[in-house]
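Peer 1: The following block contains the structure, expressed as structure tokens.
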Amino acid sequence: MKKFFFVTKNIFKEQEIKKFILSKKNQYKNFRFFSLKEINFTDSIPEYGNSFIENAFLKAEFFFKKTNLPCFSEDSGLKVECLNGEPGIYSSRYSTNNNNIDNIKKLLSNMVKNRSRKAEFFCVFCLKINKKETYFFEGKLSGKISEKISFKKGFGYDPIFIPENHNHTLSEISINKKNQISHRIKAFKKLIQFVNK
Ligand code: IMP
């Protein structure tokens, strides 16, 4: 059995990964991950890098240095074409009070005068197996930003992101459906396939 800690405090990200593994339990029966709660890891995790990769690395490295335990971390965000890739690595801290609704409102108001609504979610996982072995896995999901906000399920920018070839936002579909197309699961599949090799 291969065991790793998932270095995240984001319960939504954790839930998506958990559901994905459950849905594939026959395929991934040699893989188990633990959340930080299981060892009462309460330190705040650094995220001051200049790129998704750097942030993912900082998170995994921080946890590994403190615990010496194999782990993986994740950094992700939304890149909007007409905003030159903003909010990018600042997706969770886009508005002044870092609040989800305000982040969405700021994004929509910044886009009002622009024609292109094209956007992309990007995700990178960092897998830290031991002191010397660190690996990265990426995934993306293309789509567009909706005009209206649809608060139903999900987190972050789910209420305004419509994936390519879809008519609804990520907030209007189940986690299992989101997992079939998401940037996070695309990247995570690469990680788990690598670990299972
Ligand atoms: P971080 O990786 O902790 O910096 O957080 C990533 C941020 O990007 C989240 O807080 C969301 O604002 C946004 N984000 C990343 N992935 C998703 C997603 O699947 N749905 C909605 N928002 C996301």
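The values are calculated or read from the model by the stated rules, or taken from the named source; none is laboratory data. For clarity, every value in this text was computed on a predicted model and none was experimentally measured. Heads up, the Cβs are rebuilt from the backbone with ideal geometry, glycines too, and the neighbour counts pull from every protein chain shown. Calculation scope for accessible area: heavy atoms of the full protein, side chains included, ligands and nucleic acids excluded. Shrake-Rupley method; radii C 1.70, N 1.55, O 1.52, S 1.80 Å.
Peer 1: At 1.4 Å probe size, put Lys197, Lys59 in order of accessible surface, largest to smallest.
Peer 2: I get Lys197, Lys59, largest accessible area first.
Peer 1: Among the DSSP beta bridges whose two residues both lie in segment 2-196, what percent are antiparallel, rounded to the nearest 5?
Peer 2: In segment 2-196, approximately 75 percent of DSSP beta bridges are antiparallel ones.
Peer 1: Rounded to the nearest 10 Å², what accessible area does Ile104 have for a 1.4 Å probe in the complete protein model?
Peer 2: Its heavy atoms expose roughly 0 Å² to the probe.
Peer 1: Further question: What size of dipole, in debye to the nearest 20, comes out for the chain about its Cα centre when the only charges are +1 on Lys and Arg C-beta atoms and -1 on Asp and Glu C-beta atoms?
Peer 2: 680
Peer 1: With respect to the cross-link table entries Lys2/Lys140; Lys59/Lys144; Lys128/Lys186; Lys13/Lys153; Lys153/Lys186; Lys9/Lys148, which display a Cα-Cα separation exceeding 23 Å?
Peer 2: Cα-Cα > 23 Å for Lys2/Lys140; Lys59/Lys144; Lys9/Lys148; rest within.
Peer 1: Moving on to the next point. Need the full-extension length gain, Asn114 to Lys29, defined as separation in residues times 0.36 nm minus the C-alpha distance. One decimal, nm.
Peer 2: Full extension from Asn114 to Lys29 adds 25.9 nm.
Peer 1: Roughly what would the spin-label model give for Ile101 and Lys152, points 7 Å off Cα along C-beta, in nm?
Peer 2: About 2.0 nm, to one decimal.
Peer 1: Okay, next question. Compare Leu170, Leu83 by solvent-accessible area with a 1.4 Å probe and give them largest first, with all protein chains kept in place.
Peer 2: Leu83, Leu170
Peer 1: Can you tell me the accessible area per residue over the chain, all protein chains present, probe 1.4 angstrom, in square angstrom?
Peer 2: 55
Peer 1: From the helices alone, meaning DSSP H stretches of at least four residues, give me the mean residue ellipticity at 222 nm for the chain, per-run term -39500 (n - 2.57), in deg cm²/dmol to the nearest 500.
Peer 2: Computed mean residue ellipticity for the chain: -9500 deg cm²/dmol.
Peer 1: Mean-square fluctuation check for the chain, GNM, Cα pairs under 10 Å: which of Glu74, Glu14, Glu120 is largest?
Peer 2: Glu14
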